[in-house]
Each structure stands twice: as C-alpha cells, then as structure tokens.
1. Confirm whether residue 97 is touching a Ser or Thr at 6+ places or on another chain (Cβ under 8 Å), closer than 30 Å to residue 143 by Cα and not polar (S, T, N, Q).
2. Counting only residues that are modelled with pLDDT of 85 or more, of a type in the set (A, V, I, L, M) and either crowded, with 16+ Cβ neighbours inside 10 Å or outside any loop (DSSP other than H, G, I, E, B) (or both), how many does the stretch 37-66 have?
3. Just one of the numbered conditions (1) part of a helix (DSSP H, G or I); (2) over 15 Å from residue 254 (Cα atoms); (3) free of Cβ contacts under 8 Å to residues at least 40 places away in the same chain is not true of residue 75; which one?
4. Could you check, for the stretch 169-189, whether at least one of its residues is over 19 Å from the mean Cα position of the chain (by Cα), of a type in the set (Phe, Trp, Tyr) and either within 18 Å of residue 97 (Cα to Cα) or surrounded by 14 or more Cβ atoms within 10 Å (Cβ to Cβ) (or both)?
5. What number of residues in the stretch 215-229 are assigned to a helix (DSSP H, G or I) and either β-branched (Val, Ile, Thr) or surrounded by fewer than 18 Cβ atoms within 10 Å (Cβ to Cβ) (or both)?
6. Could you tell me whether any residue of the stretch 9-19 is closer than 30 Å to residue 231 by Cβ and out of contact with any Pro (no Cβ under 7 Å at 6 or more places or on another chain)?
Amino acid sequence: MKRQQLHRISMRTLLYLGAALLALQAAFPFFWMVSTSLKPPPEVFATPPAFIPEEPTLDNFTRLFTATHFLTYFRNSIVVCGWAVLLTMIASAFGAYSLTRFRYPGREKFAGLILCTYMFAPIMVVIPFFILAKKIGIENTHLALVLSFTSFCLPFTLWMMRAFFMTIPLELEEAALVDGCGRVRAVMFVVLPLALPGIIATSIFTFILAWNDYIFTRILIASDELKTLPVGVQDLFNSSIIDWGLIMAAGMMITIPALIFFVAVQRYLIRGWGAGAVKG
C-alpha cells in the first residue's frame with residue numbers, strides 16, 4: 001500500500017515538474033521581451049546578455065509613442081478587430097441558429113461544406129479577395145479588412161456556434177413561444193443567453209486571428225495611416241540598424257491587450273469549450 005502511494009506521489013511530482021518546465025519554456029520568450037523592452041541600447045547588445053536590466057528605463061516606450069505611428073496602428077487594430085468580431089458573431093449566431101432549428105434539404109451537407117472552406121490557407125484567398133475589393137472600390141479601406149477577417153473566420157466560428165446551439169434544449173425555446181414570445185424575443189432572451197459561453201469562446205478566436213493578421217493587411221492596405229499593428233511594427237525592421245528595444249516595447253504593447261482580453265473571458269472560454277464538446 002505504501003509502495004503504491006509513493007509511486008502515485010512520484011508520478012504526480014514528475015507530472016507537475018514536466019508541466020512547470022513546459023510553462024517556463026512557453027513563458028520565457030515573453031519574459032525576455034519584457035526584459036529587453038526595459039533595457040537601454042548598450043545593454044541590449046551586451047555580451048554576455050543579462051536577463052535582468054542593470055539600469056531599467058522606459059525610454060523605449062517613450063520613443064515608441066512619440067517617434068513612430070504606433071498609436072495610430074493601435075487604434076486601427078482596435079477598430080478593425082472590434083468590427084470583425086461583432087460582424088462575425090452576428091453572422092455565425094444567426095447561421096448556427098438556422099442550422100440547428102430549421103429543417104431543409106441538404107442541411108447537414110451544407111454544414112460540412114462550410115467547415116471544408118476553412119481548410120484553405122489565407123494566401124490562397126487573399127488575392128481573389130483583393131481583386132474583388134478593387135472592383136467594388138473598397139481596397140485600401142478598413143471595410144475591406146473587416147470583410148476579409150469575417151469571411152475567413154466565419155466557417156470555423158459558424159461550425160463552433162452550431163455545436164453550442166445543439167446543446168440548448170429545443171423545449172426551452174418552444175416553452176417561450178407557447179408563453180407568447182415571438183421567435184425574435186425567444187432567441188434574444190432564451191437562446192442567446194444560454195449560448196453566451198460559446199459566443200465568447202468563438203469571439204476570442206476571431207479577435208486573436210484578426211489582431212495578429214499580417215497577410216490580409218499587407219496586401220489590402222497601402223496607406224500608412226490605415227495599417228494595423230502587425231504590419232506597422234514589421235515596418236520598424238526596415239532600418240539598417242534594428243532597434244530591438246523599440247521593437248520589444250512594441251511587442252509588449254501588442255501582447256498586453258490580447259492577454260487582458262483572454263484573462264477577462266477565460267472562465268467563459270473554459271465553460272464554452274465544455275459546452276461545445278458535449279451534445280445535449
């Protein structure tokens with residue numbers, strides 16, 4: 001009995017140790033980015049490199065906000081991501097409701113075809129999308145970016161939302177209809193509140209993809225004042241001498257909003273994954 005307990009404790013210790021090493025490996029680049037962003041230029045290129053800055057400074061952040069267009073890129077990313085998430089959630093919610101509440105020929109085949117479209121890489125669809133945007137006159141606009149993000153994210157988010165809507169008992173909506181609610185009110189006050197964890201989980205996916213996108217923005221946007229953060233920060237590498245302190249400061253400012261957003265809705269994300277994994 002004692003031998004089994006010791007074996008169980010040793011296995012649990014090894015498991016925790018392995019998890020801690022993996023977490024450290026994953027978090028080390030972030031900590032190094034924070035360290036470099038607080039170093040003056042001489043310390044950035046010092047040999048051997050130091051993990052903790054000897055003379056921490058916020059000069060890299062000051063130069064980032066005053067000598068570059070970072071705040072413009074940041075504002076553009078917030079606007080584009082916000083509209084992309086909103087439009088994607090509305091379209092995927094209504095589409096998932098249709099696929100789970102109405103019966104029509106080819107419904108299941110249509111749902112499978114939607115997921116198949118997600119297998120195409122962004123580089124395969126960005127050129128046709130650029131040609132289409134140019135023909136209708138919306139190239140080099142944030143509208144083109146929002147529509148491109150929405151069209152690329154929609155197949156996967158629609159499939160995820162379909163799984164979440166399938167876990168909501170149809171009887172609850174029917175009871176609301178019997179009590180006098182119209183279908184719109186039943187959806188707004190019965191279905192959508194129950195699907196909130198799934199909506200938040202899919203919105204995180206859309207936000208992260210739109211926040212980190214580089215290909216669509218690079219091809220669809222030409223004006224510097226319309227660029228988003230990934231493309232704007234990438235342009236900082238064009239100088240002959242790369243200012244790593246400035247770039248790491250920009251990397252921190254890109255990472256923090258996504259990190260805050262993820263932490264704020266983490267409980268809904270876990271609940272949403274659990275709800276979408278089980279068909280009720």
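The values are calculated or read from the model by the stated rules, or taken from the named source; none is laboratory data. Please read all numbers here as calculations on a predicted model, not as lab measurements. Cβ placement follows ideal geometry from the backbone for every residue including glycine, while neighbour counts extend to all protein chains displayed.
1. Against the criterion (touching a Ser or Thr at 6+ places or on another chain (Cβ under 8 Å), closer than 30 Å to residue 143 by Cα and not polar (S, T, N, Q)), residue 97 does not qualify.
2. Final tally of qualifying residues: 2.
3. Exception for residue 75: condition (2).
4. There is at least one residue in the stretch 169-189 that is over 19 Å from the mean Cα position of the chain (by Cα), of a type in the set (Phe, Trp, Tyr) and either within 18 Å of residue 97 (Cα to Cα) or surrounded by 14 or more Cβ atoms within 10 Å (Cβ to Cβ) (or both).
5. Residues that pass the stated criteria total 6.
6. No, the conditions are met nowhere in the stretch 9-19.
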